[in-house]
Amino acid sequence: MEAKLQTHAEVNLNAIQNNGLAIKALVGKQLIAVVKADAYGHGAIPVSKALHTIANMFAVATVQEGIELREAGIQAPIFILFSPLPELATEIVAFDLTAAVDNLDFAQRLNQEIAKQPKHNSNERIKIHIDVNTGLNRCGVHYTQVSKFLTELRELQGLKVAGIFTHFATADEEDKSFAHIQIERFASILPNVSDIPMKHVANSAAALAIPESHFDAVRPGISLYGIYPANEKPIQLQPALTWKARVGWVDSIEAGEGVSYGLMYKAPSRTRVAGIQVGFEDGYPRALSNIGEVLIGGFRRPIVGRVCMDMMVVGLETSDKISVGDEVVLIGKQDNEEITIYEIAEKANTIPYQILTNIGKRVKRIYS
Ligand SMILES: *Cc1c(COP(=O)(O)O)cnc(C)c1O
């Protein structure tokens with residue numbers, strides 16, 4: 001099967017389990033495994049199944065992502081990180097999802113919904129977590145308004161405030177001073193919420209580098225997949241994903257001939273080139289046109305010319321023994337060489353998160 005794919009990604013679930021265990025051991029708190037965006041391109045269902053004894057809760061971005069996990073048989077608590085549209089209250093109750101809440105309108109809709117759905121008995125409550133805005137300023141209840149909001153929520157008999165959380169703006173930066181201001185703002189509301197069992201703040205960067213942010217649980221995403229969000233590396237993480245493609249064409253072109261759309265690369269002399277059947281549709285950054293490298297035959301070789309939608313071309317050395325069907329590594333190791341996601345992201349002027357989440361549907365994930 002693997003041998004018949006033009007491009008695929010190998011996902012090492014064992015690496016994700018080890019990363020989860022290492023993070024949990026470092027922080028000594030509960031683990032909310034962030035599997036939004038299809039587990040950062042690794043596949044939310046297999047990743048959640050692999051983490052079922054390690055994670056205390058799974059976090060996703062949307063109600064739809066939560067429903068997909070429930071339909072796949074995930075029974076652990078599923079947390080929606082962003083306060084959903086009020087009209088999604090029906091689905092949240094029906095699929096027993098735990099939503100972030102930052103407005104009363106949505107809270108009221110949830111409260112009405114639990115009464116409506118007959119499978120719930122009259123004293124059953126739906127759990128919610130309050131999203132607190134401590135300075136990221138993209139969602140959440142302002143930290144100075146939390147006690148007022150809690151008073152309003154107490155009127156709603158169908159809801160149980162099971163958690164309260166905030167999210168950092170700069171935890172991945174060298175300068176942690178604003179992160180500490182956010183922790184102080186969050187801590188300032190805690191005397192009023194001692195009855196709320198789960199207080200959580202830390203993303204990967206904070207889980208790895210800001211112990212004061214660990215509270216009752218941490219909420220790592222990128223680090224589960226083996227990628228460091230910042231310079232701090234207190235534990236060994238193992239990258240879980242290797243992206244491969246195959247050689248589709250090998251030929252030589254004459255000196256002065258151009259390659260790919262726009263002919264932006266010109267062969268300085270007679271040059272062997274290989275066509276690789278992967279392109280920007282698959283999520284390989286077009287920004288790597290003429291500047292990226294891949295591993296082929298155990299060596300780094302340059303991408304020549306533009307990355308197309310479905311193809312790109314690699315320059316070979318005359319000594320390279322490459323033929324159609326040979327393996328090409330876009331991200332990961334081949335023999336003694338490695339191309340890291342950090343290198344790809346830097347050349348594409350973006351972050352590893354975007355490289356991972358852009359890897360397309362055509363790239364079949366193969367699990368080991
Ligand atoms: C995505 C997200 C996380 C995880 O962030 P990482 O940097 O991937 O660890 C945690 N909390 C919230 C609210 C998020 O949106």
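Taking the accessible area of the range 241-368, probe 1.4 Å, and keeping the other protein chains in place, the carbon and sulfur fraction comes to 50%. What the range 233-326 shows is 47 Å² of accessible area per residue, with the surface traced by a 1.4 Å probe over protein heavy atoms. A crude spin-label estimate for the pair Leu26 and Lys49, with each label 7 Å from Cα along the Cβ direction, gives 2.8 nm. In order along the range 10-22, phi translates into HN-Hα couplings of 8, 10, 8, 5, 5, 4, 5, 4, 5, 5, x, 5, 5 Hz, rounded to whole numbers, per the Karplus curve 6.51 cos²θ - 1.76 cosθ + 1.60 with θ = phi - 60° and x for Gly and Pro.
In order along the range 54-71, the Karplus-derived 3J(HN,Hα) couplings, from 6.51 cos²θ - 1.76 cosθ + 1.60 at θ = phi - 60°, round to 9, 8, 8, 7, 10, 10, 10, 8, 10, 4, 4, 4, x, 4, 4, 5, 4, 5 Hz, and Gly and Pro are given as x. Note on Ser368 and Glu327: the extension gain reaches 13.0 nm, defined as 0.36 nm multiplied by sequence separation minus the Cα-Cα distance. Distance between the 7 Å Cα→Cβ label points at Glu346 and Ala169: 2.8 nm. Of all DSSP bridge pairs formed entirely within the chain, close to 50 percent run antiparallel.
The mean accessible area for residues of the range 96-166, using a 1.4 Å probe and ignoring ligands and nucleic acids, is 49 Å² per residue. Across all C-alpha atoms in the range 247-353, the radius of gyration and Dmax reach 13.1, 39 Å.
Considering only Leu26, Asn203, Phe79, and ranking their Cα positions along the charge dipole of the chain that arises from unit charges at the beta-carbon of Lys, Arg, Asp and Glu, the one farthest toward the positive end is Phe79.
Partners of Lys199 within straight-line reach, counting lysines whose Cα lies under 19 Å from its Cα and excluding those fewer than 8 residues away in the same chain: Lys24, Lys29, Lys127, Lys148, Lys160.
Between amide H atoms placed 1.01 Å from N, distances below 5 Å from Val278 occur with Met311, Met312, all of them 5 or more places distant or on a separate chain.
With the Cα gyration tensor of the chain giving a ≥ b ≥ c as the square roots of its eigenvalues, does the rule (a/c under 1.5 for rounded; else a/b larger than b/c for prolate; else oblate) give rounded, prolate or oblate? Note, shape of the chain comes out prolate. Considering only Pro229, Pro84, Pro268, the mean-square fluctuation computed in a Gaussian network model of the chain, springs between alpha carbons under 10 angstrom, is largest for Pro268. For the Cα atoms of the chain, what angle does the longest principal axis make with the long axis of helix 177-189, in degrees from 0 to 90, nearest 10? The helix 177-189 is inclined about 30 degrees to the chain. Helix 104-116 and the longest principal axis of the Cα set of the chain meet at an angle near 80°. Of the solvent-accessible surface of the range 56-171, computed with a 1.4 Å probe and all protein chains present, 48% belongs to carbon and sulfur.
Size check on the range 62-137: the Cα extents along the three principal axes, sorted descending, read 39, 27, 19 Å. Working from label points 7 Å from Cα in the Cα-to-Cβ sense, the Gln145 to Asn103 distance is 1.0 nm.
The values are calculated or read from the model by the stated rules, or taken from the named source; none is laboratory data. This one's a predicted model, so the numbers in the text were calculated from it and none came from an experiment. Quick reminder, even Gly has a Cβ in these numbers, built from the backbone with ideal geometry, and neighbours come from all protein chains shown. The protein model used for the area step is the full one, side chains on, heavy atoms only, and it has no ligands, DNA or RNA in it. Shrake-Rupley method; radii C 1.70, N 1.55, O 1.52, S 1.80 Å.
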